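Participant: Sharing a structure below in structure tokens format, with a few things to ask.
The values are calculated or read from the model by the stated rules, or taken from the named source; none is laboratory data. Not measured: the values here are computed from a predicted model. When we count neighbours, we look across all protein chains shown, and the Cβ atoms used for this are built from the backbone with ideal geometry, even at glycine. Heavy atoms of the whole protein, side chains included, go into the accessibility calculation; ligands, DNA and RNA do not. Shrake-Rupley method; radii C 1.70, N 1.55, O 1.52, S 1.80 Å.
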Amino acid sequence: FTVGIKNPPPYLSHDFTHVIKGDDSFWTVEDGELHATLTKVTRGKAWAAPFDVHCASSDALQSAEDEKRLMLERFQGENPGFDFSDATFNGAVPDASTYMGGARTT
């Protein structure tokens, strides 16, 4: 992923942490800010950071919270009639991308 003006060195040039769906990802510029929307190839997999260069400084607690959030989002998506807003995990959170056959794509 590279961002910059045509001739000077780019402002940003890093590899992604995980594979993305290029056709489903896009970027826009709004009020002078670049917004990138990236679609993961593997649903339910938490990203500590979108770029490899940032992974070394990722926060383990934040990563665990992301795993919990992804698992609850998966439960909500698979069971729309239930309310998981107050749900908690007791023990290790399973990997949402592989738990019970993995996250379904819709």
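Participant: Could you please find all residues in the stretch 21-51 being open to solvent by 80 Å² or more (accessible area, probe 1.4 Å) and at pLDDT below 80?
Facilitator: Residue satisfying the conditions is ARG43 alone.
Participant: Please specify each residue of the stretch 71-87 satisfying the condition of being out of contact with any Asp or Glu (no Cβ under 9 Å at 6 or more places or on another chain) and either closer than 13 Å to ARG43 by Cβ or part of a loop (DSSP other than H, G, I, E, B) (or both). I'd like the intermediate steps shown before the answer.
Facilitator: Kept after step one, since they are out of contact with any Asp or Glu (no Cβ under 9 Å at 6 or more places or on another chain), are these residues of the stretch 71-87: 72-75, 77-83, 85-87.
Once the filter is applied, which keeps residues that are out of contact with any Asp or Glu (no Cβ under 9 Å at 6 or more places or on another chain) and either closer than 13 Å to ARG43 by Cβ or part of a loop (DSSP other than H, G, I, E, B) (or both), the stretch 71-87 yields GLU73, ARG74, GLY77, GLU78, ASN79, PRO80, GLY81, PHE82, ASP83, SER85, ASP86, ALA87.
Participant: Something else: Search the stretch 23-37 for residues that are within 16 Å of LEU12 (Cβ to Cβ) and pair each with any residue that is open to solvent by 100 Å² or more (accessible area, probe 1.4 Å) when their beta-carbon atoms are under 7 Å apart and the residues are at least 6 apart or on different chains.
Facilitator: Going by the 7 Å Cβ cut-off, the qualifying pairs are LEU34/TRP27; HIS35/TRP27; ALA36/TRP27; THR37/PHE26.
Participant: Find the residue count for the stretch 21-46, including only residues that are closer than 24 Å to MET71 by Cα and of a type in the set (Asp, Glu).
Facilitator: 1
Participant: Restricting the stretch 4-20 to residues that are polar (S, T, N, Q) and open to solvent by less than 100 Å² (accessible area, probe 1.4 Å), which is modelled with the lowest pLDDT?
Facilitator: Per the criteria, the residue is SER13.
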